[in-house]
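Chemist: Handing you this structure, nothing more for now.
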Amino acid sequence: MADDPDVPSLLDLEIDHEPVPRQISRLPTASYPTMSYTPNYGQYSGGHGHSHGGHSGGHGGGHGHSHGPVSQAHMQEMQSFLASLSPEQIEELRKRAQSFSQSGAFPPDFLQTLSRGGQPNAHGHSHGNGGSHGHSHGDKPCSHSHGQAQSLPFMPSLHDAEVELLHPLIVAAKQGNVNLVKQQIEVDSADINLTDPDGNSALHWAVLNKTKHHVELARYLIESGASVNLVNTKDSQTPLHWACTTGNTQGVTLLLKNGADPNITDKRGCNSLLFAAQYNHPLLVYYLVKQGVRLDSEDNAGHSALHWASYFGYNSLIRMLIKLGSPVNKRDSQGYTPLHWTAVKQNATGCRTLLSEGADPDARENDGHPPKYLAEKKGYFAIAQLLEDAPVLHNLYTTYSGRRLQKHFWFFAGALSFYIISFFLINYPLWFGLSATLGVHYIGKLVFGKRWPGTQYPNRFWMGMFIAGYWLSTCSYFLYVFSWHTSHHPMEAALFILLNIVGSSLYIYLAQADPGVLRNTVHNNLDTLTAKLDKGDKVPDVCPTCMIAKPLRAKHCQSCNHCVARFDHHCHWLDNCIGVYTFKWFGLFLILAVIGHIFWMKIVIYYVAALPHAPNTIFPLTTNVALMWHSAPLIFFAGLSHIAQLPWEAVSLFNLWYCIKAGLTYNETQNGNRYAYLKSASGYNYNPFDTYSFFSNLKEFISPSIDYFNLYFLQENINELV
């Protein structure tokens, strides 16, 4: 068992374009993670072993990795070119490249890539106990072993002796070459259930990939009599197990409709549900449960789907499994609950999620240790502190009235904090005021730190500070400045009051407005999606927390606990999300806020300059700012508090301009690499929503021409899911 394996992601195997005909030796097989815990008695005893798409990691020591020399798109282009050459031509090309490499024209690893038919490098490093690890950040999954590094290429080598050992039927199945498979079966009379050396049939390889060619191939093989429950010899895995690793929903439904048994287990005791959970496919998990697979299924070590989701940090899947009825405190054969595994994996978000769903922080494993003890043994002291403090916080939000009470509490805490800080800064010397501010912060953290909602729950602390500052300025204006302002600058006073009325109205609207919340309806719930799966239709991504289909550009907000269409960001000053409905109004509010802050500071300076004992100008700043402060400390502080907000507002305005220019939401600018719809088929960054015109993009943000509530696929706007 590995000490700390990461999630092997086989989604990288998906090919969205026509595969290039070539001789294929082997593709990466479905990897199967293991779960174990070995205390390292402090975080300084070494790193960990982990994999991305390969096998399990090492024990102790550091980890080795390689970054592929070229991108996936360039690699595929190079391999397509190499596939068209004969072995003699490739050897000649290698010799010529070698001569160029000696002169520095090519990087040193280019020859290695060329000699393997264009595969990126991976290497093994020692892991304390003699293990080795290859970790790739190129365009192929990594591989590693204990004692000897292996190589599992994403794009197979042209010179692999194994290709001569494989039957042409298996080679064609790996390629997704339907015509060649038909020829092998119908013309050459090949056994449809013959296997490779590991016992994997053509159907195993067909359902491992999600391309249309492989789906068509899987359908043909099943119709031709391929065994849907054939167990391979190496790991006792069926084609259904392999389909679940890649989230091949069409393959899964095709297999189940034709008699595949979802309850068959592999040598580790994992059935199809556990495979879907290990590889984070929430819709498949839901679908398999609806097909009758027991939610409390366990592997040989007693790990349930919730154990695996917790171990790998699939926090949304954790919530969905608990909603479906998975026991949050279920123990495995070691006595570990899901919370033990999130502590072992240093997953703070997972710990908070489980604790918020009722996990017991004092649950003991077989040796009598709680999760906090395991975290401390691993050197994860922040996690240990979280496990001690978090239950206090989560108990406050278990009921609707509790959540409402906490909103009000933190709103008034923010307002009170602002007024206390203002009192010290206005009435005492600056050094004392700043010291008092730090003291207030420390005392507040000491007393209320365990109750701080952070971003996991609604947090109105910053809203309270914002509104308190605004009201301090408003009261100051009408008590001291209004009469002077209306008598000396009546038109300016009227404009200033109008500006504040509009700005305040926008703020109140944005704080309570619907930003574009996605509701759970009969058109987008998981039951509808599973019905579409049964019909063999294409289904979109889902939000496991809301348990609905998730349109493109939508995102689940953890603080608000709902999904928002064309999600931009969650604004802490508003304690609300900015989405498809409110983006234009937020932009207008931001512009008015900047103008209002500058306008107010200008009024403050002119008002103070008109006082008898104050300087008649703010320049030079080094002397006159202090003199003006002492002439009217309350008014001048109110002005400076507004000016202090200009930096973050300027940054927000720049982000707003950039997002419109690029045709992206702020969330997409920060997390764009997570979203497949922002990638081209060849792997390049690509934004299908950018019109390459600032004003056209602005028009789309102000008045969307796309129904973002039902945009589930590119180039296909589905208005209903039924």
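Chemist: Would it be correct to say that PHE654 is assigned by TED's automatic domain parsing to the domain that holds ILE591, under 17 Å from HIS569 (Cα atoms) and free of Cβ contacts under 8 Å to residues at least 24 places away in the same chain?
Modeler: Answer is yes for this residue.
Chemist: Have a look at LEU321, LEU288, LEU339, LEU306 and point out the one that is within 23 Å of VAL231 (Cα to Cα), surrounded by 24 or more Cβ atoms within 10 Å (Cβ to Cβ) and in the same structural domain as LYS234 (by TED's automatic domain parsing).
Modeler: LEU288
Chemist: Just one of (1) outside any loop (DSSP other than H, G, I, E, B); (2) more than 29 Å from ASP575 (Cα to Cα) trips up HIS441, so point out which.
Modeler: Only one criterion is unmet by HIS441, namely (2).
Chemist: Does GLY454 satisfy being outside any helix (DSSP H, G or I) and surrounded by fewer than 17 Cβ atoms within 10 Å (Cβ to Cβ)?
Modeler: So GLY454 fits the description; yes.
Chemist: Kindly indicate whether any position in region 363-373 is surrounded by fewer than 24 Cβ atoms within 10 Å (Cβ to Cβ) and part of a helix (DSSP H, G or I).
Modeler: Within region 363-373 (the criterion being surrounded by fewer than 24 Cβ atoms within 10 Å (Cβ to Cβ) and part of a helix (DSSP H, G or I)), the answer is yes, since at least one residue qualifies.
Chemist: With ARG294, ARG331 as the choices, which residue is assigned to a loop (DSSP other than H, G, I, E, B) and within 25 Å of LEU240 (Cα to Cα)?
Modeler: Only one candidate qualifies: ARG294.
Chemist: Right, next: Only one of (1) out of contact with any helix residue (DSSP H, G or I) (no Cβ under 7 Å at 6 or more places or on another chain); (2) at pLDDT below 95 fails for THR545. Which number is that?
Modeler: (1)
Chemist: Would you list the strands (runs of 3 or more DSSP E) that sit entirely within region 532-638 and hold 1 or more residues that are in contact (Cβ under 8 Å) with a residue 60 or more places away in the chain, assigned by TED's automatic domain parsing to the domain that holds ASN697 and surrounded by fewer than 22 Cβ atoms within 10 Å (Cβ to Cβ)?
Modeler: Output list reads 555-557, 569-571.
Chemist: If we keep just the residues of region 665-679 that are out of contact with any strand residue (DSSP E or B) (no Cβ under 9 Å at 6 or more places or on another chain) and not charged (D, E, K, R), which is nearest to ILE578 (Cα to Cα)?
Modeler: Ranking the candidates gives THR669 first.
Chemist: Further question on the same structure: Kindly indicate whether LYS550 is under 20 Å from ASN280 (Cβ atoms) and touching a His at 6+ places or on another chain (Cβ under 8 Å).
Modeler: For LYS550, the condition - under 20 Å from ASN280 (Cβ atoms) and touching a His at 6+ places or on another chain (Cβ under 8 Å) - is met.
Chemist: Quick one: ASN366 ticks every box in (1) of a type outside the set (Val, Ile, Thr); (2) touching a helix residue (DSSP H, G or I) at 6+ places or on another chain (Cβ under 8 Å); (3) over 14 Å from GLN456 (Cα atoms) except a single one, so which number is it?
Modeler: With respect to (1) of a type outside the set (Val, Ile, Thr); (2) touching a helix residue (DSSP H, G or I) at 6+ places or on another chain (Cβ under 8 Å); (3) over 14 Å from GLN456 (Cα atoms), ASN366 is out only on (2).
Chemist: What's the number of the only condition in (1) under 20 Å from VAL604 (Cβ atoms); (2) touching a residue at least 40 places away in the same chain (Cβ under 8 Å) that THR486 fails to meet?
Modeler: Result: THR486 fails condition (2) only.
Chemist: Of the residues that sit in region 177-193 and are of a type in the set (D, E, K, R) and more than 17 Å from ARG219 (Cβ to Cβ), which one is surrounded by the fewest Cβ atoms within 10 Å (Cβ to Cβ)?
Modeler: ASP188
Chemist: Would you pick out the residues in region 428-480 that are among the hydrophobic types (A, V, I, L, M, F, W, C) and farther than 30 Å from ALA626 by Cβ?
Modeler: LEU446, VAL447, PHE448, TRP452, PHE461, MET463
Chemist: Among the residues of region 206-231, which ones are touching a Pro at 6+ places or on another chain (Cβ under 9 Å), within 29 Å of ASN300 (Cα to Cα) and of a type outside the set (A, V, I, L, M, F, W, C)?
Modeler: SER227, ASN229
Chemist: Can ASN710 be described as assigned to a helix (DSSP H, G or I), surrounded by 12 or more Cβ atoms within 10 Å (Cβ to Cβ) and touching a residue at least 60 places away in the same chain (Cβ under 8 Å)?
Modeler: Answer is no for this residue.
Chemist: Here are THR353, THR349: which of them is over 30 Å from SER473 (Cβ atoms), in contact with a helix residue (DSSP H, G or I) (Cβ under 6 Å, 6 or more places away or on another chain) and surrounded by fewer than 19 Cβ atoms within 10 Å (Cβ to Cβ)?
Modeler: Residue meeting the stated conditions: THR349.
Chemist: Could you please find all residues in region 499-531 being assigned to a helix (DSSP H, G or I) and closer than 30 Å to ARG219 by Cα?
Modeler: Result: LEU526, ASP527, THR528, LEU529, THR530, ALA531.
Conditions tested, residue by residue: (1) closer than 25 Å to PHE466 by Cβ; (2) modelled with pLDDT of 90 or more.
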{"site": "GLU668", "(1), (2)": "no, yes"}
{"site": "ALA681", "(1), (2)": "no, no"}
{"site": "TYR692", "(1), (2)": "no, yes"}
{"site": "PHE701", "(1), (2)": "yes, yes"}
{"site": "ASP707", "(1), (2)": "no, yes"}
{"site": "GLU716", "(1), (2)": "no, no"}
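The values are calculated or read from the model by the stated rules, or taken from the named source; none is laboratory data. Here the structure is a predicted model, which means the values were calculated and not measured. Positions of Cβ are generated from backbone atoms using ideal geometry, with glycine treated the same way; all protein chains shown enter the neighbour counts.
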